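Structure record follows, encoded as structure tokens.
Nothing in this text is a laboratory measurement; each read-out follows from the coordinates by a stated rule. The structure presented is a predicted model; accordingly, all values stated were derived computationally and were not measured. Every residue, glycine among them, receives a Cβ derived from its backbone with ideal geometry; neighbour counts consider all protein chains shown.
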Amino acid sequence: MHGRLKVRTSEEEKVKKEKERQEKLKVFKHAMNVIQNKRKKCELDTEQLDVTGQVLTKNPDIYTLWNIRREILIVFRSNLSVMEMTKLYDAELSLTEYCLKINPKSYCAWHQREWVLMTRSDPDWQKELALCNTYLKLDERNFHTWDYRRFVVSQCKPDLQEEFNYTTEKLHDNFSNYSAWHYRSKMLLHLFPDKKGGRPIQDSHYKQELKMVLSAAFTDPDDTSAWFYQRWLLGAVKNITQIVVCTVTPSKVTIAINNSVSKSYIKEKIKVIINNHEVIGEWKSCLGNEYDDLWVLNHDQSIRNHLDIKVKHILVDNEMEVMRLSELKPAIYVGRNKISFQNKYSSTVLDELNEQLDACRQLLELEPDNRWTLLTTAFFLHCVDAKAYHKEIIDIISTLINIDEQRAGYYSDLKSKWCMEDNIQENYANLSLDYKVECKKLSSLPHLQYYSFCEALDLSNQNLTSRVLPGLIKLQHCKKLNLSNNKLTSLQGFPYLTLEELNITDNPLIENHVEQLRKKLKNTKIFF
Amino acid sequence: MSFKTKDVVLSQTRPTTLLLQKHADYLASYGLNKDDFEYCMTEYLRMSGIYWSLTAMELMDQSSRMPKDDIIEFISLCQDSESGGISASNGHDPHMLYTLSAVQVLAMYDRSDAINIDGVVKFVVSLQQDDGSFFGDKWGEVDTRFSFCAVMTLSLLHRLDAINVNRAVDFVLSCMNFDGGFGSKPGSESHAGLIYCCVGTLSICKRMDALKVDELAWWLCERQLPSGGLNGRPEKLPDLCYSWWVMASLSMLNRIHWVDQEKLEQYILACQDSETGGFSDRPGDITDPFHTLFGLAGLSLLGNSSIKQVNPTYCMPQETIDRLRLEPQILLI
Ligand SMILES: [Zn+2]
């Protein structure tokens, strides 16, 4: 039950109300009895239409009654004239309209309306579109009405530019109409895709939309709707699947990808070649799923010194990318790609982003603690040049952790993500098997597959909680792991890794948990 | 035009502790009076009502107060021998929603043998469409809620392989929006309840990798309002049931810490009615079994130790999910 306030009433009123309700209930039960009896006797007639209609006007969610009405209309259709049916269909539409006035969110009534329009031979779609306009004036956020509008549009196929314009109109009435922003995003992708560039939206429109968001946001920065739309626009860039790192050791081969791919993708698009012979074997997802960003191949090859190992990756346009592995230690081969986490925009869009960044900075001078302006500024900086602005971005996020405490967890993880990205790019510049993550106070460990090749990883002095432990499974080649001075409270969920050394000193752990982990990782020296 | 956040203010006199016994008493007596107006008027969703009450009672470890034998007999009677589907109540038509509720109840009772399982499987399979979507019943309404009902029902019966899972996943993914959220069908606006259904479907089908996690989880944590309560869409009022839809989704995404859990707990507790027992959508409104379950389940996700652990994907006690050896996917972080 939604939005029904409990009101205090006198005993007298209570008795009166209960009496009224019992009266109503009597009528209801009688009607339901009549309906059920007639249904048992297969009496599909006008009387049944009348009784079900009467009950539905008060309780439009009794789905079975709508089913009965459809059964009757289907039978009538084969016996009655088109004219007579038109009348019945019109009456059905009136009934749904009446019900929707009582409950504008009745799934059943909306569905009945769709059914009638799809069943009758003479649907008036323009009338339906007009009805949507009226209903959206009464409640601009009713998602049933918007869904119904999309249904009508899918049938009568108006020029989608008109629908796009409709969202502009709705947004100029009220920028906080999230439903209109949503519909706009769909129209934008339909109307202006950048087919040549492989981007979701053409540059000229991209820029125009960014401008529209900014004017909405400047009308009132606390109105959240436009910010979600902006976040989407900023992230709408080309995304290419790429091998990040491939590792070959005597025990296994692993391949880390920048995003999750399917088993068949790995099987068909990626080949590991040792001295001109393709390695055959079954790829297994690191997590045991059908899609993953780290894949493991257990092989029966003997991996010696001085092998020639390369990985071939067939790209989208059938181009081939070849990566050569180097022997970092005897019989340990690693091949790493050039990586980047930087979003790439055209210069037109980039100019616009820089302009908007300036506007945000000006807004911040007036209102330095506005969380929306702060977050947007950080995102603009990140989109323009994450590396150059790294320190400023992290400072802003640290400010947000303090001024928007409710979402401190989100900001901490966002900070962790951006720090990790910065750190990974630095680490990938020097080839080694032994790394220390130089970030401060990480609360999560995103992109861990990028470190899948490491033999030693130092994650000490962070803010890691036990939540991150299952993710350590990505460290498939790790022998020495340092998790000291973190916030681990439990070791449940610690994955099976073939570690030689694990340091978990200075964590708020219970001895008992360590004992259990010792049983799990029998060959690991645990420093506690 | 000045913008004002829609929210409620929690009063000083609100309940601040969990009134567990009151809730159990409220649910135990709910529906005992067969002439109660509210009870009669909700007959068309009775099967779900039973699921809400029983699950809440299970979580409070007081399910023995529910009339087990009557419930199981009622469910058997509600199965339609022709289609195999289960209806909300006697005299109503079979539907995906109530088929799921019935299967959930029987799973908690470990009594799936009380219905014709092959019939249920046949019913669910018959409702899958070429595009992977599911009808709610033979009348053709499509909704991602029904996709979730389908995979949850079948997985509880260990028969998920009876449908085309890849297509079911593809359909759900076709409902993904610019904000990373999901609506009821392709093109529909994101809504926390439907996000829960879609994320739940992906969790059961182990395809959580396909989510735009950062965007989605950010949108979800932005549902929290200054009162601590959560709304279901931007610029809407808080509602207790969203503490379930949002928090269960965030749990599957392993990002429950993106909201202020203490403030949310205060909001949930404030939705209790200290006189009648039960929870309502907002403080001061009339309580019902639906919000009572989602209040308790929400508190369970927040780690309240006087309530049993709830599984975020299935909204059933974790012990039931463990007994059935189901392992819905939870994302790594
Ligand atoms: Zn609610």
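Average 1/r across all pairs of distinct alpha carbons in region A:220-260, invert it, and you get the Kirkwood radius: 13.8 Å.
For the protein assembly as shown, with only Lys/Arg (+1) and Asp/Glu (-1) charged at the beta-carbon, what is the dipole magnitude about the Cα centre, in debye rounded to 20? Don't jump to the answer; show the numbers that get you there.
Values: 101 positive and 114 negative charges, 274 e Å.
Charge dipole of the protein assembly as shown: 1320 debye, to the nearest 20.
Projected over every direction and averaged, the convex hull enclosing the alpha-carbon atoms of chain B yields 17.0 nm².
Can you sort A:272, B:310 from fewest to most other Cβ atoms within 10 Å of each residue's own Cβ?
Values: A:272 23, B:310 26.
Going from least to most buried by this count: A:272, B:310.
By the rule of a C-alpha distance below 19 Å, with chain neighbours fewer than 8 residues away ignored, the aspartates and glutamates paired with residue A:479 are A:327, A:434, A:455, A:458, A:500, A:501.
When the convex hull of its Cα atoms is viewed from all sides, region B:94-177 shows a mean projected area of 5.3 nm². Applying both filters, DSSP loop and at most 13 other Cβ atoms within 10 Å, to the GluC sites (Glu not before Pro) of region B:251-330 gives B:275.
So which lysines pass the test for residue A:38, namely a Cα distance under 23 Å, with those fewer than 8 places away in the same chain ruled out? Excluding near neighbours in sequence, the set is A:24, A:26, A:29, A:58, B:138.
On a 31 Å Cα-Cα criterion, which of the cross-link pairs A:14/A:137; A:312/B:206; A:211/A:417 come out too long? Could you put the intermediate results ahead of the total?
On the way: A:14/A:137 38 Å; A:312/B:206 28 Å; A:211/A:417 28 Å.
A:14/A:137, as the Cα separations exceed 31 Å there.
Simple spin-label estimate for residue A:240 and residue A:390 gives 2.3 nm between the two label positions (7 Å along the Cα-to-Cβ direction from each Cα). Comparing Cα centroids, region B:218-251 and region A:278-327 end up 43 angstrom apart. Around the Cα centre of region A:436-528, unit charges on the Cβ atoms of Lys, Arg, Asp and Glu (plus for the first two, minus for the last two) sum to a dipole of about 160 debye. Over every Cα atom in region A:317-376, the radius of gyration and the widest Cα-Cα span, Dmax, amount to 21.5, 61 Å.
I'd like to know which of B:195, B:283, B:238 lies farthest towards the positive end of the charge dipole of region B:193-318, counting +1 on Cβ of Lys and Arg and -1 on Cβ of Asp and Glu. Of the candidates, B:195 comes out farthest on the positive side.
With viscosity set to 1.002 mPa s at 20 °C, what whole-number translational diffusion coefficient in µm²/s follows for region B:203-246 from Stokes-Einstein and a Kirkwood radius over Cα pairs? Write down the numbers at each step before the final one.
Numbers: Rh = 11.4 Å.
D = 188 µm²/s.
Considering only B:88, B:116, B:178, and ranking their Cα positions along the charge dipole of region B:75-204 that arises from unit charges at the beta-carbon of Lys, Arg, Asp and Glu, the one farthest toward the positive end is B:116. With Cα atoms as the point set, the radius of gyration and Dmax of the protein assembly as shown evaluate to 29.0, 96 Å. Restricting the trypsin sites (Lys or Arg not before Pro) of region A:61-161 to loop positions (DSSP other than H, G, I, E, B) with no more than 16 neighbouring Cβ atoms within 10 Å leaves A:105. Over region A:78-237, the ratio between the Cα radius of gyration and 2.2 N^0.38 Å evaluates to 1.24.
For chain A, the longest principal axis of the C-alpha atoms and the axis of helix A:107-119 are separated by about 70°. With coordinates expressed along the principal axes, the C-alpha atoms belonging to region A:448-513 extend over 30, 21, 20 Å, beginning with the largest.
Loop-located GluC sites (Glu not before Pro) in region A:266-311 (DSSP state not H, G, I, E or B) with no more than 11 neighbouring Cβ atoms inside 10 Å: A:282.
Could you compute how fast region A:142-267 diffuses translationally, taking Rh as the Kirkwood radius over C-alpha pairs and applying Stokes-Einstein at 4 °C with viscosity 1.567 mPa s? Give it in µm² per second. Don't skip to the end; give the middle numbers.
Numbers: Rh = 17.4 Å.
After rounding, the answer is 74 µm²/s.
Note on region B:1-137: Lys pairs 8 or more places apart or on different chains, Cα atoms under 30 Å apart, count 4.
When each of A:515, B:58 is scored by the number of other beta-carbon atoms lying within 10 Å, the sequence from fewest to most is A:515, B:58. Put in line by how crowded their Cβ is, counting other Cβ atoms within 10 Å and starting with the fewest, B:139, B:218, A:181 read B:139, B:218, A:181.
Using only the Cα atoms of region A:409-528, build the gyration tensor, take square roots of its eigenvalues as a ≥ b ≥ c, and label the shape rounded, prolate or oblate: rounded if a/c is under 1.5, else prolate if a/b is larger than b/c, else oblate. Numbers along the way, then the final one.
Details: a/c = 2.01, a/b = 1.30, b/c = 1.55.
Verdict is oblate for region A:409-528.
For region A:281-422, what class follows from the C-alpha gyration tensor (a ≥ b ≥ c being the square roots of its eigenvalues): rounded when a/c is under 1.5, otherwise prolate if a/b is larger than b/c, else oblate?
Working: a/c = 2.96, a/b = 2.19, b/c = 1.35.
Prolate.
If you put +1 on each Lys and Arg Cβ and -1 on each Asp and Glu Cβ, how big is the dipole of region A:111-160 around its Cα centre, in Debye rounded to 20? Working shown, then result.
Numbers: 8 positive and 8 negative charges, 7 e Å.
The dipole of region A:111-160 has a size of about 40 debye.
From the square roots a ≥ b ≥ c of the eigenvalues of the alpha-carbon gyration tensor of region B:1-158, which class results: rounded (a/c under 1.5), prolate (a/b over b/c), or oblate? The partial results should precede the final answer.
Values: a/c = 2.05, a/b = 1.31, b/c = 1.56.
Oblate is the answer for region B:1-158, as a/c is 1.5 or above yet b/c matches or exceeds a/b.
Summarising the overall dimensions of region B:174-283 from its C-alpha atoms, the Rg and Dmax are 14.1, 46 angstrom.
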